[in-house]
1. Within region 50-136, what whole-number % of the accessible surface is contributed by carbon and sulfur, with the 1.4 Å probe and all protein chains included in the calculation?
2. Which translational diffusion coefficient, to the nearest whole µm²/s, is obtained for region 50-136 from the Stokes-Einstein equation, given a Kirkwood hydrodynamic radius over C-alpha pairs, 10 °C and 1.306 mPa s?
Amino acid sequence: EDSLMRTSFSTSNAQCMRLLRDLEELRGQPYSKVALEARQLLVQLVTPSIEIRHEVMENQLIQIVQEWGKSNDTDLVKGYKSFGHYLSPMVESVTSLFEELSAFIGTQYPREIRMAALELFIRRSHRQYTIASLCIFEETATAGKEVMCAE
């Protein structure tokens, strides 16, 4: 019965999506409100929740940090090794990332996750430019400000 209900729901869900797409394609003044409502519903249905987007981003950042940690890159500049090319797919992605990125800069995450998130935020914000070097100032409890730079 549960399997039948899931199949029925899946079929009715697909039918609803098809119907909404048809309504969205209606043209002309009399249909403009209907088409707009259909488009808004479609966007809501295909957009994952903020919780799911956060979880996906966290997993991506963890994977990037793990790959970065295993690498033998020698781009150390003042103690900071850039995440550079590991972040490229996320920097070039068409998906909006800014809503989730700020959550990973907080102290509840390991330093490497925070640095990757911050570097991603900077590179994503300035992706139309070539970033020749990157410096991040981090306050520490004992030493004041610490500078981390990458070229």
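1. Working: 2830 of 5220 Å².
So the carbon and sulfur contribution to the accessible surface is 54 percent.
2. Values: Rh = 13.3 Å.
For these conditions, the coefficient is 119 µm²/s.
The values are calculated or read from the model by the stated rules, or taken from the named source; none is laboratory data. Owing to the predicted nature of the structure, the values given are computational and were not obtained by experimental measurement. These area figures cover heavy atoms from the full protein model, side chains too; ligands, DNA and RNA do not enter into them. Shrake-Rupley method; radii C 1.70, N 1.55, O 1.52, S 1.80 Å.
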